[in-house]
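The structure under discussion appears below in the form of structure tokens.
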């Protein structure tokens, strides 16, 4: 299955201090990777959980919970380019190997936290973006089952410390089965976005304080989310627009992570301000296509930093990545074989030469600023990580004046999974080359199209191979698909990657946006087709006549079904969902309902989520009752 690993949202856990003398101290930070149309993406976190099981659900046992003394808010847009923003420090975590990190948010419907207010946000989770008319919109960022948190599978080790536990940091809670309570409430935003039914959790607190002074060492981890894939705009009713967070994450030990830096000379792109993107890519498991391991935005000065990147322990044979530089108005650039050693290794710098580039120099090392010790950070400080970034030096992109826009369609009766991404691939010419992801976009889950048309380059592709002595020769050539032609495939959690069959090319002049039909996806390896029967009860008949039932896993959207038929008939009815991934450890779902009135011109939508787990890990069928208030 093809996932974009880092959301360009990143939670870095650095300095965990444990429950006993065998612990280390950890700080929690966030970094962001967000598309150019967003001016702010506020994210507020109130707890960090860890578990040794990669597939434990939020109500399963084994969680070590660390509630912050006060919630902390980070603007993910400000964290583009590998910046870290602290949300907590001095958390006390016992030495162990953890296979899952879970972040517990403060939902947009909850009272505005002090940290969000101090940051200038209107909501605890908020997305500010520029709409098609050039007007900045400030909207609450919709979460899927926020009471269950955002789960990230990983493998990170907290080593044994060398002293007594710290006096600072949040206290921890440990759980067997977690008893979730049932507090609820609703809140309506000034923009008419109504949210509802928050379920709280109940745990017992385990004291972890000590009168001894801590001598424990620091430890650094990172959890990454990519806003390019995880911020999902969707439309409803007659013109309403909202943004959903569908979170997919990856986690890193920052002591073992690497980075790639670079510089673009933008003399061929006049008045550039934003929109260019860079990704580090690797081969997928079967070697048939590349996948994105890390992505970031090019800054207004042309610089970029890809961080964090996974590395291996070999100093003589480090992991390699291929770097893809792309975006509106430029010919795509591919730099192959960039070797990335661990942060503790010495930096390798390079010199880049081509007919259109200047000689490159190594970038200035990124250093970490001082972060105050404490339990949380309500006004955290943005810093760059302490990274020895491998430089691919300076490149000069070629302008592409003939780019075009594309959108997708689906075959009748064969929709894409609601959580699908659509990738546009090109392949370098030459024997043994494998397609790269050039552009990527989440679908509008309710309308089965791209919310914004995708801009695609029509020019030839510039490419070269990085070497340890810095010599990279860039050549321009047509991709295997042809100039301006792309293979198109969808990918989604729980499903096998789509076949690289459909092609899209530039339309004839003045003929508008190109459209490509994207086939639906088959279930992933090991999964069987499951079904859900949802008994929807309209507690206020006539209040809504349209809506969607959303299923999520660990905060990521998996499937959706229309509620229009059962809402318009008054009291509700049964909605069935078929072909759900079941029979795998990840087939644990939770339900969220969005409902609205079609005559309200898209001015309001209610979001309601439910605490009952839909457990299809060992079953191919399930049922649930969903009162819609």
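Structural remarks
- Taken together, the criteria exclude residue 69 from residues that are without any contact (Cβ under 8 Å) to a residue 60 or more places away in the chain, on the phi < 0 side of the Ramachandran plot, in a strand (DSSP E or B) and surrounded by fewer than 23 Cβ atoms within 10 Å (Cβ to Cβ).
- Counting the residues of the range 564-586 that are in a helix (DSSP H, G or I) and either in contact with a helix residue (DSSP H, G or I) (Cβ under 8 Å, 6 or more places away or on another chain) or buried (at least 20 other Cβ atoms within 10 Å of the Cβ) (or both) gives 2.
- Filtered residue count, the range 87-108, keeping only those that are within 20 Å of residue 126 (Cα to Cα) and assigned to a loop (DSSP other than H, G, I, E, B): 3
Per-residue answers, yes or no, for (1) touching a residue at least 60 places away in the same chain (Cβ under 8 Å); (2) surrounded by 24 or more Cβ atoms within 10 Å (Cβ to Cβ); (3) not assigned by TED's automatic domain parsing to the domain that holds residue 55:
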{"position": "101", "(1), (2), (3)": "yes, yes, no"}
{"position": "112", "(1), (2), (3)": "no, no, no"}
{"position": "125", "(1), (2), (3)": "yes, yes, no"}
{"position": "150", "(1), (2), (3)": "yes, yes, no"}
{"position": "154", "(1), (2), (3)": "yes, no, no"}
{"position": "160", "(1), (2), (3)": "yes, no, no"}
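- Unmet requirement for residue 528, which otherwise passes all of (1) touching a residue at least 60 places away in the same chain (Cβ under 8 Å); (2) over 19 Å from residue 607 (Cβ atoms); (3) crowded, with 16+ Cβ neighbours inside 10 Å: (3)
- Positions within the range 454-473 being farther than 23 Å from residue 289 by Cβ and either under 30 Å from the mean Cα position of the chain (by Cα) or surrounded by 18 or more Cβ atoms within 10 Å (Cβ to Cβ) (or both), in sequence order: 470, 472
- Scanning the range 277-310 for residues that are in a loop (DSSP other than H, G, I, E, B) and buried (at least 24 other Cβ atoms within 10 Å of the Cβ) yields one hit, 298.
Table: residues versus (1) within 23 Å of residue 592 (Cβ to Cβ); (2) in a loop (DSSP other than H, G, I, E, B); (3) out of contact with any strand residue (DSSP E or B) (no Cβ under 7 Å at 6 or more places or on another chain).
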site	(1), (2), (3)
29	no, no, no
53	no, yes, no
81	no, yes, no
85	no, no, no
110	yes, yes, yes
117	no, no, yes
121	yes, yes, no
128	yes, no, no
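- Looking across 544, 589, one residue alone is surrounded by 17 or more Cβ atoms within 10 Å (Cβ to Cβ), outside the structural domain of residue 105 (by TED's automatic domain parsing) and farther than 18 Å from residue 240 by Cα. It is 589.
- Filter result (more than 20 Å from residue 293 (Cβ to Cβ) and in contact with a strand residue (DSSP E or B) (Cβ under 6 Å, 6 or more places away or on another chain)) within the range 428-442: 429
- Filtered residues of the range 314-348 (kept if without any contact (Cβ under 8 Å) to a residue 40 or more places away in the chain and either crowded, with 19+ Cβ neighbours inside 10 Å or not in a strand (DSSP E or B) (or both)): 314, 315, 316, 317
- Which numbered condition residue 479 fails, given (1) surrounded by fewer than 16 Cβ atoms within 10 Å (Cβ to Cβ); (2) not assigned by TED's automatic domain parsing to the domain that holds residue 587: (1)
- Residue among 408, 392, 438 that alone is at pLDDT below 95 and not in a loop (DSSP other than H, G, I, E, B): 392
The values are calculated or read from the model by the stated rules, or taken from the named source; none is laboratory data. Just so it is clear, the structure is predicted and the values come from calculations on it, not from any experiment. Please note: Cβ atoms are built from the backbone with ideal geometry, for glycine as well, and neighbour counts cover all protein chains shown.
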